[in-house]
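Please treat every number below as a calculation from the coordinates, not as lab data. Just so you know, these numbers come straight off a predicted model, no measurement behind them. Here the Cβ positions follow ideal geometry from the backbone for every residue, glycine too, while neighbour counts run over all protein chains shown.
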Amino acid sequence: MKRFYDKKNNRLIYIDKASNSNFWDKHWSENSFEKMYPLFISPFDYVINNSKKYLSPGSKIIEGGCGIGQQVFKLQNTGFDVVGIDYAKKTIALVNKFKPQLNVKIGDVRKLDFSDNYFNGYWSFGVIEHFYNGYDRILSEMKRVIKQDGYLFVTFPHMNKLRKIKASRNKYALWKNNETDKKKFYQLALNHKQVISDFEKLDFKLIKKQHLSGIKGLKDEIVFLKNPLQKIFDSSNFFGIALSKIISFIFNKFSSHSILLVFKNQ
């Protein structure tokens, strides 16, 4: 995957395969379906803990861009009234077949088929960064369907301190707005301060910021650490998982791959 630095917008642009609905259908079909669902929900799960902190049991939650619905599965099994929507039709068909108890359906985060002020909460896991031309339409729909005093939880790759240092030292090729590359656009690593500003313009109030996966940020950005950290990152045994969490805890503010922003709808 190629990465370019977009100096004008202070963000990274990832070029590989276009992240359209066909891409996601193929991506999810290549994984072992059942293995994507947790056997038990960890007491340290940030999704569940944040949801419980701000929303009462039975609250209506939407996950916009749910993929195969792992988060819908976790939230539903924790007592929330959850619906997941995604535009990858084959993926949704798989979920409907193998997990019929989950309420997931075909939909577009840019044009939701729900009435105004319908949901108490909205989770968006790694979605807004996949739209090269911006997330304005997604944001407008978030604002429309979330009740007043409801909550928005949004995660995305961001320009952490390590990436900013590399950009300042010209460690990335500069983005030249090449049409050939744009056709292979995969995702962005966004400037989270700009994202916060954009959301605040629609009267969302930032109430929490949480750095995620410091180990992934390290392995993706420091070449000589990639192989050893990848083994730890991929590990499924207790010691590997524990070590991964320790490394992330230590380096999160420096190298977090993604960031979670929690907003309240004013």
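Worth a mention:
- At 1.306 mPa s and 10 °C, Stokes D of region 29-151 from Kirkwood alpha-carbon radius, µm² per second: 107
- Lys/Arg +1, Asp/Glu -1 at C-beta; region 2-265 dipole; positive extreme among 50, 224, 153: 224
- Unit charges at the beta carbon, dipole of the chain: most positive-side option, 118, 242, 21: 242
- Length-normalised contact order of region 2-265 in % [C-alpha pairs under 8 Å, at least 6 apart]: 22
- Overall form of region 161-251 per C-alpha gyration tensor (a/c, 1.5; a/b vs b/c): oblate
- Unsatisfied cross-links (Cα-Cα over 30 Å) in the set 105/164; 8/53; 205/226; 74/205; 97/205; 111/219: 105/164; 8/53; 205/226; 97/205; 111/219
- GNM result for the chain, Cα springs below 10 Å: residue of 50, 252, 178 fluctuating most strongly: 178
- Positive-end residue of 265, 87, 162, charge dipole of region 2-265 with Cβ unit charges: 162
- Shape category assigned to the chain from the gyration tensor of Cα positions, a/c cut at 1.5: rounded
- Here each label is just a point 7 Å from Cα along the line to Cβ, and for residue 170 and residue 116 those points are 5.3 nm apart.
- Each DSSP beta bridge with both residues in region 2-265 is either parallel or antiparallel, and the antiparallel ones are about 55%.
- Cα gyration tensor category, rounded, prolate or oblate, for region 58-110 with a/c compared to 1.5: oblate
- Packing rank of 62-69, 159-166, where each peptide gets the mean count of other beta carbons within 10 Å, highest leading: 62-69, 159-166
- GNM result for the chain, Cα springs below 10 Å: residue of 12, 243, 218 fluctuating most strongly: 243
- In a reduced charge model with +1 at each Lys and Arg Cβ and -1 at each Asp and Glu Cβ, the chain shows a dipole moment near 920 debye about its Cα centre.
- Magnitude of the charge dipole, region 99-212, Cβ model with Lys/Arg +1 and Asp/Glu -1, debye to 20: 680
- As a length-normalised measure over Cα pairs under 8 Å and 6 or more apart, the relative contact order of region 1-134 settles at 23 percent.
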